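As structure tokens, the structure follows; a few thoughts come after it.
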Amino acid sequence: MNLRERYEKETGKKSHQYGGLPNEDYVEWIEDKFSWIPTSKEQPEQDVTVLVFNKDGFIYKCFRDQDLYFDDDMYHFDAESITHWMPIPDPPAEEEGTS
């Protein structure tokens with residue numbers, strides 16, 4: 001289940017409005033659930049890999065270089081298209097008894 005499906009299942013609301021832009025409630029849900037930082041308040045450090053959320057509602061792993069964000073394939077996004085970011089989360093802890 002992707003994030004859009006999870007949001008719609010949990011809230012009973014559509015994640016995006018006509019025209020493909022994410023609803024404000026969906027953006028707030030993402031911020032609350034995953035500690036997203038609005039780019040209007042703070043930008044990630046240069047050359048540090050982070051998760052980014054763009055205005056179309058997609059999540060990418062990118063690093064920032066001035067006003068552009070680059071993913072692993074060096075595809076770039078303009079800074080204006082990125083609405084939120086968050087540090088890469090820690091990997092899951094190993095369960096006892098597994099190797």
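So here's what we get for this one:
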read-out	value
Cβ-Cβ under 9 Å pairs, at least 6 apart or on other chains, the stretch 5-23 side in contact (Cβ under 8 Å) with a residue 24 or more places away in the chain, far side loosely packed, with under 13 Cβ neighbours inside 10 Å and part of a helix (DSSP H, G or I)	15/5
In the stretch 74-98, residue nearest to residue 21 (Cα to Cα) [restricted to those that are part of a loop (DSSP other than H, G, I, E, B) and charged (D, E, K, R)]	90
Residues of the stretch 14-73 satisfying the condition of being charged (D, E, K, R), outside any strand (DSSP E or B) and farther than 11 Å from residue 84 by Cβ	14, 24, 25, 32, 33, 45, 47, 56, 67, 72, 73
Counted residues, the stretch 16-41 - those being within 14 Å of the chain's Cα centre (by Cα), modelled with pLDDT under 90 and not hydrophobic (A, V, I, L, M, F, W, C)	7
Output for the stretch 46-62, where each listed residue is of a type in the set (Val, Ile, Thr) and either under 10 Å from the mean Cα position of the chain (by Cα) or within 13 Å of residue 76 (Cα to Cα) (or both)	50, 52, 59
Pairs where the first residue, in the stretch 52-71, is over 22 Å from residue 22 (Cα atoms) and the second is among the aliphatic types (A, V, I, L, M) and part of a strand (DSSP E or B), C-beta under 8 Å, 6+ apart	63/50; 64/50
Members of the stretch 42-65 that are at pLDDT 90 or above and on the phi > 0 side of the Ramachandran plot	47
Residue within the stretch 35-47 that is of a type in the set (Lys, Arg), closer than 21 Å to residue 7 by Cβ and free of Cβ contacts under 8 Å to residues at least 40 places away in the same chain present	no
Residue match in the stretch 6-24 (condition: surrounded by fewer than 16 Cβ atoms within 10 Å (Cβ to Cβ) and among the hydrophobic types (A, V, I, L, M, F, W, C))	yes
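The values are calculated or read from the model by the stated rules, or taken from the named source; none is laboratory data. Everything numeric here is computed off the predicted structure, so don't read it as measured data. Heads up, the Cβs are rebuilt from the backbone with ideal geometry, glycines too, and the neighbour counts pull from every protein chain shown.
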